[in-house]
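Participant: One structure is given below, represented as structure tokens, and several questions about it will come after.
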Amino acid sequence: IIQDHEMSPAPGTCMLLSAILHVASTVWWVSAQYTGFLSATCMSRAATTGATTIIGRPLVDGGPQKYAMNYAEDRLDRRARYFQQADNSGIGKHNDDINASRRSQRSPSPISLDLRRAYSILREAGKSLSNVCIDDELDLQSDVAAKETLVELRTGHELAGRALRDCGKCRHATYHYALAWMCDPTNYECAGDYAQMTDLAGCSEVGVLSLLYYRNGGRLDPRMPLRIAQESSTTTDDAYGVVIDDDDDDNNERSISGDGANLTYANGSPLHSCGSRQLECDASLCMVAIPTDSLLLRQILKDLDNVDLDDASSDESSINAASILEGLSKASQEEKRRRKVAENAPSNNPSTVAHPFMPPQDGISNNLQFWKDCDSSSDGRSFPPLLQVLLLKLLYASPVGGPLLKLACVAVPHLSLKMPLSSALGRQMARDYKSHWAYYILIRAVVLGERVKKHRRGTAVPYHVPVWDIVHGLDQRQLHSFELNGDCRGDDESPFSIRMRQLLDECSSRIPKNDMTSEGSPLHLRPLCLPTSAPHSPLYILGDSHVLSIAWQTIEIPNGELRTLVPYPATGMKAWHMKEETRFFTHYNMHMCLQRLPTSCKAILLSAGEIDCREGIGGVKLQGYYASCDEAVRNTVQQYVKAVTKLASLYNLQILLLPVAPHAYRSQKNGKAAGRGLRRERMLLWNDMLREECTKSASSGVHLLDYERNLRSTDATSPVGFVLNKAYNADYTHMNSAFLPHLENSLARCVEGYSSGSGCNVNLI
């Protein structure tokens, strides 16, 4: 930063200023992490302190600008917003004015600082390779300098990927995480980071194949990031037609700025790729790190083709979800008795002896059994619990279904036996990897359901039908069948492996230079729509993790036809993130989900808002702009409906919004009871305002499926007088599918209003 000034101060002054800047940036970053969530009163900090400015958010007319759901911002949201506002302050001004202003008063955002640091690391690493011959003869095992350079490159790429992810540049971030993995191919954290980034970039299937490739000993070539770094150290940038001088650090016009969507240099010129001077960055939709011509990848795809999708059976002796839960309970009791007897037994490594209740693994090759330790005679790698849980999530949430869904369902009982929720390993995962573990608990709950007596299975109302039973043809409900929809399943000439190869090719295809800033996608989903016993047309449900509550279930729409609910979650999506000006990875992810929908899709379900309500209460007060939470919620709902209305027009869709369900009952002895009570208040206000706003926008193709009141159960201890009906509870945060009859009824009421112009069109569903 000091070097950006025209007059450099004396060396001693440089050291002093550097120290001051370091302390200031540290204080800002710590405060950004811990001033995150608004208290129950949601009082405005500006109102209570008399402040006139807040970092990144100017006040207007003595009062704050209205930003949607500021009370639900988390640390990464604020990091992204600060980047957008601090570095976008010069837009619309003459370049000379921008430069003069930034020379005299510069406030670089944390993301900009991270990008500069990352690109400096990459540039220095590239310069160190200037005289190195990087070919097949280079021995990376014995070449100490090359190994050290790979460590530096991994650091630089991970830092760049993290910063670009936070400002919504998911294509760029995937590229850098891919190269970070190539720098250290045997590191499970690198493999996991890349796989998760492919999911955030809208291509979870690529993450699935990458994790299976890693688990089975697949190899990557570390020479590639070395070559790229070497070539990029003196890259001709087409935007300038000149060779960028690496010693030009004093030229502050090279500084990176932008709003996260279109990064630029400070002189206003467009930034090639992301600023790393690596021409392949942003050249494709989702960089594929694994070699697509690998024999191992071919075998994995062949094994997925061979997953038996048609083993449905109505035989009462077949293993169903309830019997698996009963067996898991007995296994847990046996494990406790074993530990009491064996004093030295490992406390976090449950017995993996075969149990009679466990489902057979016939038709699933060893390459796909990721819950098992690899055979010592094979080339497989250790696959830690974190990667197992991540892979399960990607498999289950992938909208293509088919063998990925089947594999996820088969994995759940084995992982449940290996990682009991109450075990030491389970508690450690919940502490260290909260989000990943939460997905695991939810998927386990919806796949296996809850223990129900045999005579009540399928008859109790309301009742959650375990996805295990649906996939294996054990669903006891009598659902009539329809002809197979062409968009739902492929013909015999298009097995799963061919579709996956098409996806890999499309992800790797170069985007035309004149379309480098576009988020358009040539990819379209062709879901297999398991189960085969219910081959109905898909109805896609997009949004936050709550879409998994009803994933792969079947509903009846008002015209009597059935639809399979196909999930396409955008991890971490908040209603606040739906705004057009948002620069965050969830926003990009949602657009990729929408762009990948089949062309035949004319209506979707959309779930958002629960995270906004949940994260907006408790903890330290946020830097707020509202006199009360009521005002914040109202403004957020208005912005949410406005943003969704634009999406409906942009993608020519009818969008059916889901309300936010009340939180489940918690004992007063549980430390979360008070927080959940406050969240129920926010949820009640959210849904009331959502009804009001959707009534206004009914003619724009956005409608609310208003079934929230049917989810309530009277509770005198709740501040709003009710909690979630326990029949609909899956994991105390998400619901199960038992509430679907209420969704069907609300859909019927919505269709009834179509003739008067206030309802939805059933022909689009």
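The values are calculated or read from the model by the stated rules, or taken from the named source; none is laboratory data. Computed from a predicted structure; not experimentally measured. Glycine also receives a Cβ, built like all others from the backbone with ideal geometry; neighbour counts cover every protein chain displayed. Accessible surface areas use protein heavy atoms only, side chains included; no ligands, DNA or RNA. Shrake-Rupley method; radii C 1.70, N 1.55, O 1.52, S 1.80 Å.
Residues checked against (1) within 18 Å of residue 358 (Cβ to Cβ); (2) surrounded by fewer than 21 Cβ atoms within 10 Å (Cβ to Cβ); (3) without any contact (Cβ under 8 Å) to a residue 12 or more places away in the chain; (4) touching a Phe, Trp or Tyr at 6+ places or on another chain (Cβ under 6 Å):
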position: 391; (1), (2), (3), (4): no, no, no, yes
position: 417; (1), (2), (3), (4): yes, no, no, no
position: 423; (1), (2), (3), (4): yes, yes, no, no
position: 441; (1), (2), (3), (4): no, yes, no, no
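Participant: Answer yes or no: is there a residue in the range 148-164 that is open to solvent by 70 Å² or more (accessible area, probe 1.4 Å), within 30 Å of residue 587 (Cβ to Cβ), assigned to a helix (DSSP H, G or I) and not small (Gly, Ala, Ser).
Facilitator: Scanning the range 148-164, I find at least one residue that is open to solvent by 70 Å² or more (accessible area, probe 1.4 Å), within 30 Å of residue 587 (Cβ to Cβ), assigned to a helix (DSSP H, G or I) and not small (Gly, Ala, Ser), so the answer is yes.
Participant: Answer with yes or no whether residue 752 is farther than 22 Å from residue 549 by Cα and open to solvent by 50 Å² or more (accessible area, probe 1.4 Å).
Facilitator: yes
Participant: Could you identify the single residue in 664, 698, 673, 730 that is open to solvent by less than 40 Å² (accessible area, probe 1.4 Å), of a type in the set (A, V, I, L, M), at pLDDT below 90 and under 26 Å from the mean Cα position of the chain (by Cα)?
Facilitator: The match here is 664.
Participant: Pick out, from the range 400-508, the helices (runs of 4 or more DSSP H) lying fully within it that include 1 or more residues that are under 29 Å from residue 602 (Cβ atoms) and modelled with pLDDT under 90.
Facilitator: Because the criterion is at least 1 residues that are under 29 Å from residue 602 (Cβ atoms) and modelled with pLDDT under 90, the helices (runs of 4 or more DSSP H) in the range 400-508 that meet it are 402-418, 467-471, 496-508.
Participant: Turning to a different aspect of this structure: Against the condition under 35 Å from the mean Cα position of the chain (by Cα) and modelled with pLDDT of 55 or more, how does residue 343 come out, does it pass?
Facilitator: no
Participant: Can you work out which of the residues in the range 384-399 that are part of a loop (DSSP other than H, G, I, E, B) and not small (Gly, Ala, Ser) is farthest from residue 369 (Cα to Cα)?
Facilitator: Once the filter is applied, the top-ranked residue is 399.
Participant: While we're on this one: Do we have residue 191 as in contact with a Leu (Cβ under 9 Å, 6 or more places away or on another chain), modelled with pLDDT under 95 and part of a helix (DSSP H, G or I) here?
Facilitator: Judged against the criteria, residue 191 is not a match.
Participant: If you check 571, 582, which single one turns out to be assigned to a loop (DSSP other than H, G, I, E, B), under 11 Å from the mean Cα position of the chain (by Cα) and of a type in the set (Val, Ile, Thr)?
Facilitator: Exactly one of 571, 582 is assigned to a loop (DSSP other than H, G, I, E, B), under 11 Å from the mean Cα position of the chain (by Cα) and of a type in the set (Val, Ile, Thr), namely 571.
Participant: Against the condition among the hydrophobic types (A, V, I, L, M, F, W, C) and either crowded, with 19+ Cβ neighbours inside 10 Å or at pLDDT below 90 (or both), how does residue 739 come out, does it pass?
Facilitator: yes
Participant: Pairs under 7 Å by beta carbon, first residue without any contact (Cβ under 8 Å) to a residue 60 or more places away in the chain and hydrophobic (A, V, I, L, M, F, W, C) in the range 714-738, partner open to solvent by 20 Å² or more (accessible area, probe 1.4 Å) and part of a helix (DSSP H, G or I), six or more apart or different chains?
Facilitator: 720/681; 720/684
Participant: Let me ask another. For the range 353-371, what are the residues that are of a type in the set (A, V, I, L, M, F, W, C) and at pLDDT 90 or above?
Facilitator: Of everything in the range 353-371, those that are of a type in the set (A, V, I, L, M, F, W, C) and at pLDDT 90 or above turn out to be 368, 370, 371.
Participant: So residue 687 fits all but one of (1) part of a helix (DSSP H, G or I); (2) surrounded by fewer than 20 Cβ atoms within 10 Å (Cβ to Cβ); (3) polar (S, T, N, Q); what number is the exception?
Facilitator: Unmet condition: (2).
Participant: Between 548, 594, which is over 19 Å from residue 653 (Cβ atoms), modelled with pLDDT of 90 or more and in a helix (DSSP H, G or I)?
Facilitator: None of the others qualify; the one that does is 548.
Participant: Hey, another quick one. How many residues are open to solvent by less than 70 Å² (accessible area, probe 1.4 Å), modelled with pLDDT under 85 and assigned to a helix (DSSP H, G or I) when one looks only at the range 113-145?
Facilitator: Selection size over the range 113-145: 1.
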